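Since every read-out is calculated from the coordinates, none of them should be taken as a lab result. No experiment lies behind these values; they were computed from the predicted model shown. Ideal geometry is used to build each Cβ from the backbone, glycine not excepted, and the neighbour counts take in all protein chains shown.
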Amino acid sequence: MEKFEELAREKEFENFHRAIGSENDPIMLVLRAHLFSEHLLERLINFRLPRGDKLVENGNLTYHQKLVLIESLDCVPDAIASSLRNLNKLRNQCAHELHKKISEADITKIGSPIGKNYTLFKREANFDNVELLRKIIGYIAGYLTATCFSVEHPDLLKKNTSLDSSTPDAI
């Protein structure tokens, strides 16, 4: 069982790395992170609803609607949902404004909901906005991935390693 858990976690990390990669263009980073997070939201819908596959495949839901649904199912804490909501807004700006430049204020809107982790990432990034954005996206995607993993494989969770959905600081 431990071998399966290790392989599953490795696969999750590989999926994230393939989606995000070593992208250094902040707009591409936002677009890829948005796409990857939407995939994770769909996975949660699929596993939390009896026929979530029907909703994902035929519901024609927007990212915003998927996020509201995940929030209503209490799958993620408010801080993660808020960061995702701001990521979605920034993604829409990037998709619809030809010359959009991602500013420090844009990054702050995504990162500030995660509180002290954002402060830590900001310090570690040392005024490099792309690095800061990568750290924030990595944290949010990591949280969502861990949530998906725990929902999809509840038998692998140990009592003392369960996720605390009340705060994203639990990871």
Relative contact order (percent, whole number), the chain, Cα cutoff 8 Å, 6+ residue spacing
26 percent
Taking the Cα atoms of the stretch 38-123, what is the range of coordinates along each of the three principal axes, in descending order and whole Å?
42, 33, 15
What do you get for the angle between helix 2-20 and the principal long axis of the chain? Use alpha-carbon atoms, 0 to 90 degrees, nearest ten.
30 degrees
Taking only Cα atoms, what is the 0 to 90° angle, nearest 10, from helix 78-96's long axis to the longest principal axis of the chain?
50 degrees
Within the chain, what is the number of lysine pairs with alpha carbons under 17 Å apart, leaving out pairs fewer than eight places apart on the same chain?
13
Residues N126 and H39, FRET efficiency given R0 of 41 Å [Cβ-Cβ distance, rounded to 0.05]:
0.85
With 10 angstrom as the radius, rank R48, R43 by how many other C-beta atoms surround their C-beta, starting from the fewest.
R48, R43
Using Cα atoms only, what is the angle between the long axis of helix 63-72 and the major principal axis of the chain, expressed in degrees (0 to 90) to the nearest 10?
50 degrees
Rg to Rh ratio, the chain, alpha-carbon atoms and Kirkwood radius?
0.96
